[in-house]
Amino acid sequence: MTKPEIRKNDESRMSKPEKRFAVSSFGFRHSDFFRISGFVILVLLLCSPTRAAWFDAAWPYRRAVDVTWDAEHSKGDDVASVEFYSAGHHLDGGSDVRVATEDGKLVASQVLMAGPGDRIRVAFSLVKDKKKYYVYWGNPAPPASKLSFVCKRGMLLEMKIFPGGGVNNLRDLKEAFDRADEWVGKAIVDRPFIGNNVLGDQQQTVSKLTGQLFAPIDGEYMFALSADDKGALLIDGKQVVFAHGAPNDIRFNGKINLQRGPHEMVIYHIDFGQDWKLSAGWKRPDAQKVDLINRDSIGYAFGGEAGPLEENKKTLVADFAAEYLGETWYADRFSHRYRFVAYAPKADGAKYAWDFGDGQTASEAKVDHVYLNPGVYPVKLTVRIGANSDTRTNRFYVSRQFQHLVRPMLDDLATQSKLVAKYDQSAMPAGDLARSVFMHQRCNNNDAMEVAAITLAAIKRQPDVETAYSALYEAADSLQDRKGESSAEALWAKVPIDSNLQPRASRQRARSLMWGLGDFQKAVTVLRDDRASGKDVANRRMLAMAMVLSGTVDEGAKVLRDLPEQGDPEKRAAISGAMARTIEYFIQDKDPDSGDDQWEKWQSRYPSDFLLGYSVLLKVKLIEARHNATAAAKLAEAFATAVPKSSYAPQLLNQAAKLLAKTDAKHAGELKALLKQRYPEDPLSQ
């Protein structure tokens, strides 16, 4: 097994200026265009008497924020952004969040996003010669801030859900953005070159990007815009380009005269789904070609590293770090691995108790944990030192790292499977159990898969019936291949008769009994329960077949004849024959799976054809193709015994004898004798 790649920095890809300034909001350096963190750094802290003074005691919570930037040469318009977790102590929308310098002076700030969960993203103005700041929150009645934040470095991305309507020009774009009232979020990006939705996986969005573009010389500038699906670029409030597509050329362009200096640049963008793409370029008066507008022309927005949670007048503060280790894709969804760390306080003998919000717990200081489904989880850490303890809960947001999708952090499925196999199965939600079944099955962690599947099957009320059923179906199929049909039947038997997986679970169990084990009487018992079968046509048909094969022929035959048939009665013979020929082809092609699918379609369309015997003969051959001669022989003998007047009864007896010749010669001889006794004129008796 290869060790999963954990990309903590991309310094090898950076130029020297980028290495100096490209610090994510949690201290991990990267060269991506997006400057917000892909993970959260929260640490456990015993408050120190040497820490900076509180700017206002009405704000009980804070974190230190370190910004790596050229503070000595600031021109006064630099900005930074930082992301942190509030432990649930912030007001709705983050209206109580403030940022101050180390000496307690407030700076202009703007909350970009509050949520999902307790995650807060805030942008703030930087002060010359200041590299350390504090972000405060928790004031239940904060006065309005008198400082107005303006983003003059990087570009402020504001995104909403597209409200619908036609969009054919700039006025429509602006109107759609102003009319939209459902926010996706805000962030600061490096430049107007974005290849995916960096804020999530929403399919229809309308966005506005605002920033300052520095024109190096006077003259005529040509701007080009590529936008999937539509976009408009404005300089100093004037439309320069309107784009309706994202071609690999500069066909959407416009010109404008600019004087040397900063100019307001605004881009509106609408995405109707699929690819979220936006790029803007320019040709300066002194250039020969169009280049992408880069960071130097927009200005750098710096990242801050959020430090430990501090609570005013409190000495022991429980807190933790959660580093994103990677994602892995299977069964139409990603699972995610994080590393949670409780840093030891300045005292010996600390004990830790984790609750990860998904039913799982731990007691180590450092734990790798896999979340099988995205969402918000209440992650709780309790730290105990002697008689003293503190508990902290953060509503932790688990999702893909959308800001890093250009170079996603990939994880190894087998690594995640080994971790999940150690989980307390009884405490796992049904959705997680289903996902774990898929995970274990795909990396051949068979024992863990079986345990998870058995636990999942026993749950009466499945919140996601289709996913649970699919997981059990895959598990049963794997068990059948590895351990035999009895293991698959035993798994379906774990499903309660009043489960919302019924009646399909009983039908699958009956299929194992009938076509895998040849136990037709037990199949009747399973399917006769009204709660299992009810009015389900497929279960009634299987019950009737099982009754015929177990000797209750008249009752079973009546049910089969009473079931509705599909299609034009005049075309019945032709269609039935064509379906039989198709099954014969799959048998010759050694494709029993496709043959079984076609057989089910045939029997569901013309249920009474089962009584004729030829479909039974084909089913025997399909079972034989799965190398289950015993079950095939039981089916052939059972039908020939139950319906002796069928024209295919002699062939079925002969086939049963052949199938048992090597494993049960005595019974094979008895079947041959029965064939001669019942059908002495048949060529097979000679």
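The values are calculated or read from the model by the stated rules, or taken from the named source; none is laboratory data. For clarity, every value in this text was computed on a predicted model and none was experimentally measured. Cβ placement follows ideal geometry from the backbone for every residue including glycine, while neighbour counts extend to all protein chains displayed. With ligands, DNA and RNA removed, areas are computed over all heavy atoms of the protein, side chains included. Shrake-Rupley method; radii C 1.70, N 1.55, O 1.52, S 1.80 Å.
Observations
- Applying the condition of being within 33 Å of the chain's Cα centre (by Cα) and farther than 17 Å from Gly245 by Cβ to the stretch 163-173 and asking which residue is surrounded by the fewest Cβ atoms within 10 Å (Cβ to Cβ) yields Gly165.
- Test: residue in the stretch 487-495 that is in a loop (DSSP other than H, G, I, E, B) and not aliphatic (A, V, I, L, M): yes
- Each residue in the stretch 84-93 was checked for being surrounded by fewer than 21 Cβ atoms within 10 Å (Cβ to Cβ) and not in a loop (DSSP other than H, G, I, E, B), and 2 pass.
- Qualifying residue in the stretch 645-659 (condition: surrounded by fewer than 15 Cβ atoms within 10 Å (Cβ to Cβ) and either modelled with pLDDT of 95 or more or within 22 Å of Lys522 (Cα to Cα) (or both)): yes
- Any chance Glu323 is part of a loop (DSSP other than H, G, I, E, B), of a type in the set (D, E, K, R) and open to solvent by 10 Å² or more (accessible area, probe 1.4 Å): no
- Inspection of the stretch 181-196 finds a residue satisfying the criterion of being within 21 Å of Ala123 (Cα to Cα), open to solvent by 10 Å² or more (accessible area, probe 1.4 Å), over 25 Å from the mean Cα position of the chain (by Cα) and hydrophobic (A, V, I, L, M, F, W, C).
Rundown of residues vs (1) modelled with pLDDT of 95 or more; (2) of a type in the set (A, V, I, L, M); (3) open to solvent by 30 Å² or more (accessible area, probe 1.4 Å); (4) not in a helix (DSSP H, G or I), yes/no style:
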residue	(1), (2), (3), (4)
Trp59	yes, no, no, yes
Val99	yes, yes, no, yes
Gly104	no, no, no, yes
Leu112	yes, yes, no, yes
Ile120	yes, yes, no, yes
Lys128	no, no, yes, yes
Val135	yes, yes, no, yes
Pro140	yes, no, yes, yes
Arg153	no, no, yes, yes
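- Within the stretch 592-602, the set of residues being in contact (Cβ under 8 Å) with a residue 12 or more places away in the chain and not small (Gly, Ala, Ser) comprises Pro592, Asp596, Gln598, Trp599, Lys601, Trp602.
- With respect to the conditions (1) open to solvent by 50 Å² or more (accessible area, probe 1.4 Å); (2) modelled with pLDDT of 95 or more; (3) among the aliphatic types (A, V, I, L, M), Val537 lacks only one, and its number is (2).
- For Lys601, the test of being in a loop (DSSP other than H, G, I, E, B), open to solvent by 70 Å² or more (accessible area, probe 1.4 Å) and modelled with pLDDT of 95 or more is failed.
- One residue alone among Val559, Val524 is assigned to a helix (DSSP H, G or I) and open to solvent by 20 Å² or more (accessible area, probe 1.4 Å), and that residue is Val559.
- If you go through the stretch 540-556 and keep only what is open to solvent by less than 60 Å² (accessible area, probe 1.4 Å) and of a type outside the set (A, V, I, L, M), you end up with Arg541, Ser550, Gly551, Thr552, Gly556.
- Test for Lys571: is it open to solvent by 20 Å² or more (accessible area, probe 1.4 Å), part of a loop (DSSP other than H, G, I, E, B) and among the basic types (Lys, Arg): no
- Any pair with Cβ under 8 angstrom, 6 or more apart, that starts in the stretch 174-189 at a residue that is farther than 12 Å from Phe162 by Cβ and ends at one that is assigned to a helix (DSSP H, G or I) and open to solvent by 10 Å² or more (accessible area, probe 1.4 Å): Ala187/Gln403
- Of the candidates Glu474, Glu466, the single residue that is within 15 Å of Gln508 (Cα to Cα), without any contact (Cβ under 8 Å) to a residue 12 or more places away in the chain, under 21 Å from the mean Cα position of the chain (by Cα) and open to solvent by 40 Å² or more (accessible area, probe 1.4 Å) is Glu466.
- Count - residues of the stretch 147-176 that are closer than 30 Å to Ala80 by Cα and not acidic (Asp, Glu): 18
- Counted residues, the stretch 68-119 - those being of a type in the set (Asp, Glu) and under 34 Å from the mean Cα position of the chain (by Cα): 4
- Any hit, the stretch 579-591, residues being open to solvent by less than 10 Å² (accessible area, probe 1.4 Å), of a type in the set (Val, Ile, Thr) and under 44 Å from the mean Cα position of the chain (by Cα): yes
- Single match in Tyr606, Tyr614 (criterion: within 18 Å of Ala573 (Cα to Cα), open to solvent by 40 Å² or more (accessible area, probe 1.4 Å) and among the hydroxyl-bearing types (Ser, Thr, Tyr)): Tyr614
- Pairs with Cβ under 8 Å, 6+ apart, first in the stretch 667-686 and over 11 Å from Ala649 (Cα atoms), second among the aliphatic types (A, V, I, L, M) and open to solvent by 40 Å² or more (accessible area, probe 1.4 Å): Ala668/Ala661
- Pick from the stretch 366-422, criterion open to solvent by 50 Å² or more (accessible area, probe 1.4 Å), farther than 15 Å from Phe356 by Cα and not aliphatic (A, V, I, L, M), ranking: modelled with the lowest pLDDT: Arg407
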